Amino acid sequence: MTIESFFPVEELIAAHSAHGRPASPAGTALLGLTAEDLEAYFTRIAEAVEQDDPGPAARGGWEERERLRFSTWVRRVYEHPLSPAVFALPVTRLIREVQAGQAAELAFRIDVGRARAKAAKPSAEVRATAAVASAWAIAADALARSPRPPRERVVGDVWTIVRETIEPALRPAGTFQPRSHSSW
């Protein structure tokens with residue numbers, strides 16, 4: 001049994017759209033999902049991430065904590081039967097709010113984890129927004145493919161992009177190399 005046989009995404013899209021536009025007005029079901037369905041979906045994913053979060057005292061520091069958080073997020077999204085439909089939806093206000101919330105939480109963790117006084121350029125908020133958007137885009141792409149790529153490859157792809165996006169904000173502003181007086 002595949003996800004597609006359990007939840008026929010293509011049929012839902014065809015039944016609820018006309019010329020690529022949603023047939024239902026805002027506030028009603030879209031692709032068979034109501035706002036309540038989406039809220040419950042996002043709540044379950046967020047609860048799973050929080051449950052697996054090792055907290056600020058993670059053994060590997062900020063990198064290990066974020067790797068575990070993003071890995072849990074991808075794994076839960078990948079295995080949830082509603083994910084193909086959720087990630088096939090056009091971006092709604094609710095989806096933007098969820099992404100903005102994830103980015104704000106990540107930006108806060110970046111700021112807390114950063115051991116420097118100088119502000120990152122771009123800011124932690126910009127980096128967090130880019131990281132969250134990348135994770136969502138990679139997950140959406142994987143969920144839309146047939147056959148789907150292996151889950152752990154997607155986990156690795158997401159973490160690689162997220163790490164490359166947020167890591168520069170956590171590096172010290174500059175390296176200080178002490179030198180003896182008059183060594184030049």
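The values are calculated or read from the model by the stated rules, or taken from the named source; none is laboratory data. Everything quoted here is computed from the prediction, not taken from an experiment. As a convention, Cβ positions derive from the backbone with ideal geometry for all residues, glycine included, and neighbour counts pool all protein chains shown. In case anyone asks, the SASA skips ligands and DNA or RNA and just uses the protein heavy atoms, side chains included. Shrake-Rupley method; radii C 1.70, N 1.55, O 1.52, S 1.80 Å.
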Q | Accessible surface of segment 45-173 [probe 1.4 Å, protein heavy atoms]: carbon and sulfur percent | A | 55
Q | Ala140-Glu64 pseudo-label distance in nm [points 7 Å out on the Cα-to-Cβ vector] | A | 3.4
